[in-house]
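Read the figures in this text as sums done on the coordinates, not as results from a lab. Just so it is clear, the structure is predicted and the values come from calculations on it, not from any experiment. Because the Cβ atoms are built from the backbone with ideal geometry, glycine has one as well, and the counts that use them run over all protein chains shown.
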Amino acid sequence: MKLRLFIFSLILALGAQTWASADGIKTSSVAAGIFLGEPTGLTVRLGVAKNQSIEAKAAWSLVNAGNQSSSLTFQANYLFEFPGILVIKTEDFPLYVGVGAETQLGSSTSLNVRVPFGVFYRFKQIPLELNLEFGLGLQVFPATSFVGSGGLGVRYMF
């Protein structure tokens, strides 16, 4: 069921990008790929305005895999990019920060609010982007506690 929702969201994002391009509206590209870390899974990003995008992940958490309490994780984030802050030899590495939500479904269910932050690198010659992300969060259900996540994303830009 959740996989169907993720696929539907991806198709909707691609359709929105096609519609925006057809009307001559310049937005950031749609990008889809994998996220390696905690959690590990699939990721999609849709540019909604200049230097702003929506990102979603459908992944699995392996933190407690030894205790057989691994879980499926779903994240949705609104990101703000800050290009021009980190430039190394004419290469721009836009920094970003955002706000989002996360739910984990496993032996128990949790709901978290999160603040992701990181850095992008977009290749000039090939339609790939890399992002290194760390996320700080607060679990609000079923109990209150601090949570964290992070990893490396590789996405193909459409």
Mean Cβ-within-10 Å packing, highest first, puts peptides 79-90, 111-122 in the order 111-122, 79-90
Segment 27-158 - percent relative contact order, Cα under 8 Å, separation 6 or more: 22
